[in-house]
1. Select from segment 363-377 the residues that are touching a residue at least 12 places away in the same chain (Cβ under 8 Å) and either assigned to a loop (DSSP other than H, G, I, E, B) or over 30 Å from Leu172 (Cβ atoms) (or both) and write down the one among them that is least open to solvent (accessible area, probe 1.4 Å).
2. Scanning for something over 30 Å from Glu289 (Cβ atoms), open to solvent by 40 Å² or more (accessible area, probe 1.4 Å) and either within 16 Å of the ligand (Cβ to nearest atom) or not in a helix (DSSP H, G or I) (or both), does segment 353-362 turn up at least one residue?
3. Given the conditions (1) among the aliphatic types (A, V, I, L, M); (2) surrounded by fewer than 23 Cβ atoms within 10 Å (Cβ to Cβ); (3) closer than 30 Å to Lys341 by Cβ, report the number of the one that Ala84 does not fulfil.
4. Can we say Glu58 is open to solvent by 10 Å² or more (accessible area, probe 1.4 Å) and away from the ligand (no atom under 12 Å from the Cβ)?
5. Any residue in segment 479-499 that is farther than 17 Å from Phe154 by Cβ and touching a residue at least 60 places away in the same chain (Cβ under 8 Å) sitting within a Cβ distance under 6 Å of a residue that is open to solvent by less than 40 Å² (accessible area, probe 1.4 Å) and part of a helix (DSSP H, G or I)? List the pairs, counting only those 6 or more apart or interchain.
6. Have a look at Arg231, Arg317, Arg264, Arg323 and point out the one that is basic (Lys, Arg), open to solvent by less than 10 Å² (accessible area, probe 1.4 Å) and in contact (Cβ under 8 Å) with a residue 12 or more places away in the chain.
7. For segment 337-352, give me each residue that is open to solvent by 30 Å² or more (accessible area, probe 1.4 Å) and in contact with a strand residue (DSSP E or B) (Cβ under 6 Å, 6 or more places away or on another chain).
Amino acid sequence: MRHTTGQTGGDRRTHIENPDVVLIGSGIMSANLGALLKRLAPHLAIQVYEVTEGLAQESSHGWNNAGTGHAGICELSYTPNREADGTVNVAKAIGIFEQFEQSKQFWSYAVSSGMTGRPKEFINPVQHISFVHGQDQVDFLKARHAAMSAHHFFREMQYTTDRATIGEWVPLVVEGRDPVPIAATKMDGGTDVNFGVLASQLLTWLAAQKDCGVATHHKVIDLKKTGNGWRVGVKNLATNEVRWNETKFVFVGAGGGSLPLLQRSGIAECKGLGGFPIGGQWLVCDNPELVKKHHAKVYGQALDAAPTMAVPHLDSRILDGKRTLLFGPFAAWTTKFLHRKGRWSDLPRSIKPDNFTTLLKIAIHNLPLIRYLVQQGTQSMADRMAVLKIFYPAARADDWRLIDAGIRVQAIKKTDGEAGIVHYGTEVITNPERTISALLGASPGASVSVPIVLDVIKNCFPELLAKDSSRARLKEMIPTWDEDLKLPANAARFQAVRSLTNERLQLS
Ligand SMILES: Cc1cc2nc3c(=O)[nH]c(=O)nc-3n(C[C@H](O)[C@H](O)[C@H](O)COP(=O)(O)OP(=O)(O)OC[C@H]3O[C@@H](n4cnc5c(N)ncnc54)[C@H](O)[C@@H]3O)c2cc1C
C-alpha cells in the first residue's frame with residue numbers, strides 16, 4: 001500500500017509517495033497518457049502535478065485553442081500547392097485523418113467505459129469546409145478535391161463553385177461578396193472538440209483510481225536524475241512548501257512550460273533546443289443572429305508569411321454549453337511561454353549558451369516571419385476586420401470583440417549545417433534510458449494527442465505491450481492501433497470501426 005496525503009476535490013492536493021510515473025501538467029497530453037497507462041496497467045501508481053488552481057487551463061482549455069478536430073479535411077496547410085503536373089499531394093492530410101481517428105477511438109472507449117461524462121460535453125459534429133477565392137485558388141481546390149475524394153477517408157467530400165450552394169452551406173461567406181470566382185469543399189464528419197473539458201474529465205477519473213494522485217496549484221520546479229529515475233522538486237503554491245518525490249518515469253506534458261523543465265533536467269537531448277512563443281487572439285461574435293447562421297468551420301489559404309497554425313478560420317464552436325462564433329487565430333507577439341502562469345522573462349531565460357547561436361540564425365533566416373509577427377502584434381481592429389471580411393464580407397466591427405487565446409511555443413532545433421528550423425509540428429524528446437519524455441511544439445497538437453502518447457508508451461514502456469493480454473486490452477481501447485487504415489484493402493474495416501466510434505461519441 002502506497003502512502004497518500006491530502007484530499008481530492010476542488011483544490012486537489014493528493015500526493016502519492018514514490019509513484020511509478022509523474023505527469024507534469026494537466027492538459028490533454030498528460031490526461032490521455034495517464035488514462036491510457038492506468039487502463040493498460042492498473043498496478044501503476046501515477047502522480048499528476050499542475051501549476052494552476054484548476055485542470056487544463058492552458059492551451060487545452062476550450063477558449064485557448066480552435067477546437068478543430070484536425071482530420072485534414074478542411075485545413076489547406078496539410079496539402080501544399082499543386083505539383084508541376086497540376087496534382088495535389090494529399091499524403092499528409094490522409095495521415096492526420098488516420099491519427100485523429102485513433103484519438104476518437106480512445107475517447108469513445110473512455111465514454112463507453114464511464115471515464116468521461118456525455119460525449120456532447122466535449123465533442124460535437126460540425127461541417128469542415130475549405131473556401132477559396134480567385135481563379136488560381138479555385139483550380140487548386142478542384143485538384144485537391146480530386147486527390148482527396150479518391151481516397152476512402154474523404155470519399156464523401158463535395159466540391160462546388162456554385163455561389164448558391166456555398167450560400168446554403170455557409171450563408172455568411174457569400175453575403176455581400178464581389179463576383180470573383182469562388183469554390184468550396186464540404187465534408188460531414190468533422191468535429192469541434194473541447195480538449196479542456198475532455199482532459200479534466202479524464203484526470204478526474206484518474207484521480208479516483210487506486211494509487212493515483214492529482215495535485216493542482218503545485219509547480220514542478222526541478223528535476224534531478226537518480227540511479228533509476230528522477231527526483232521531482234514540487235512547490236505547493238498555497239503554502240510555498242517544497243517537497244521532493246521520486247519516480248521511475250517523468251512525462252513533461254507542461255505545454256509552454258516543457259522547455260524550461262527539460263533544460264533543468266540537464267539531459268543531453270535538449271541541448272541546442274530553443275522555444276519561440278506565438279500568442280493567439282480571437283474575434284468573438286456576440287450577435288446571436290449571426291451565430292445561428294453559421295454551422296461550420298471554414299478554413300482558407302495562409303496569408304503572406306503566416307505560420308501554418310496562424311491561418312485564420314471562421315468557426316462555429318460549442319463552448320460553455322452554448323454555440324458561439326469565433327474568427328482567428330491572429331498571431332500575437334509575446335515573450336511568455338504560458339498564457340496563465342507565464343512570465344515576460346520566459347523567453348530570455350530560455351536562451352542558453354547551447355541554443356543562442358541556433359536562435360540567432362533562426363531569427364536572421366526567418367525575417368519574413370518576424371516581420372509578420374511584428375505586423376500582427378501592431379494591427380488595429382480595422383486591420384483584423386479586413387482579414388475577417390475575406391471570409392465574411394458583410395462583417396461589422398460592432399458585432400465582434402477581441403480576446404486572447406493560448407500561446408504556442410514553437411520548438412526550435414539545430415540542424416546539421418543549416419541555420420536551424422522553426423519546427424511547427426510536435427516533437428517528443430526522450431532520453432536514452434527512457435526515464436523521461438517531453439513534448440515540445442504545438443501542431444496539430446491536441447487532435448493527435450492519443451497517437452502521440454501511444455508512441456511514448458511504445459517507446460518507454462515496451463514491457464506493457466509485451467503480453468498478448470495487454471495488447472488485447474489496448475485493442476479494446478484503440479481498435480486500429482496496430483493496423484494501417486490508409487490501405488485501400490482496409491476501407492471496409494475503416495468504415496466499420498468508424499461507425500462504432502461515431503455512434504459512441506454521438507457524432508453520427
Ligand atoms: C491559438 C491556438 C489554437 C489551437 N488550435 C488547435 C486546434 O484547433 N486543434 C488542435 O488539435 N490543437 C490546437 N491547438 C494546439 C493544442 O491546444 C495543443 O496542442 C494542446 O492543447 C497541448 O496540450 P498539452 O497538454 O501539451 O499542453 P497544455 O494544455 O498547455 O497543458 C500543459 C499544462 O502544464 C501546466 N504546467 C506548465 N508548467 C508547469 C510546471 N512547471 N509544473 C506543473 N504544471 C505545469 C500548465 O499550467 C498546463 O495546464 C491550438 C493551440 C493554440 C495556442
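1. Leu369
2. Scanning segment 353-362, I find no residue that is over 30 Å from Glu289 (Cβ atoms), open to solvent by 40 Å² or more (accessible area, probe 1.4 Å) and either within 16 Å of the ligand (Cβ to nearest atom) or not in a helix (DSSP H, G or I) (or both), so the answer is no.
3. Only one criterion in (1) among the aliphatic types (A, V, I, L, M); (2) surrounded by fewer than 23 Cβ atoms within 10 Å (Cβ to Cβ); (3) closer than 30 Å to Lys341 by Cβ is unmet by Ala84, namely (3).
4. Spelling it out, it is not the case that Glu58 is open to solvent by 10 Å² or more (accessible area, probe 1.4 Å) and away from the ligand (no atom under 12 Å from the Cβ).
5. Qualifying pairs under 6 Å: Pro479/Gln105; Pro479/Val497; Thr480/Val497; Trp481/Leu474.
6. Working: Arg231 fails: open to solvent by less than 10 Å² (accessible area, probe 1.4 Å); Arg264 fails: open to solvent by less than 10 Å² (accessible area, probe 1.4 Å); Arg323 fails: open to solvent by less than 10 Å² (accessible area, probe 1.4 Å).
Among Arg231, Arg317, Arg264, Arg323, only Arg317 is basic (Lys, Arg), open to solvent by less than 10 Å² (accessible area, probe 1.4 Å) and in contact (Cβ under 8 Å) with a residue 12 or more places away in the chain.
7. Matches in segment 337-352: His339 only.
One line per residue, one yes/no per condition, for (1) within 19 Å of the chain's Cα centre (by Cα); (2) open to solvent by 20 Å² or more (accessible area, probe 1.4 Å); (3) near the ligand (Cβ under 6 Å from one of its atoms):
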site	(1), (2), (3)
Ile24	yes, no, yes
Ala35	yes, no, no
Arg39	no, yes, no
Ala45	no, no, no
Glu50	yes, no, yes
Gly62	yes, no, no
Gly67	yes, no, yes
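The values are calculated or read from the model by the stated rules, or taken from the named source; none is laboratory data. As the structure is a prediction and not an experimental result, all values here were calculated from the model. Neighbour counts run over all protein chains shown; Cβ positions are idealised from the backbone, glycine included. Heavy atoms of the whole protein, side chains included, go into the accessibility calculation; ligands, DNA and RNA do not. Shrake-Rupley method; radii C 1.70, N 1.55, O 1.52, S 1.80 Å.
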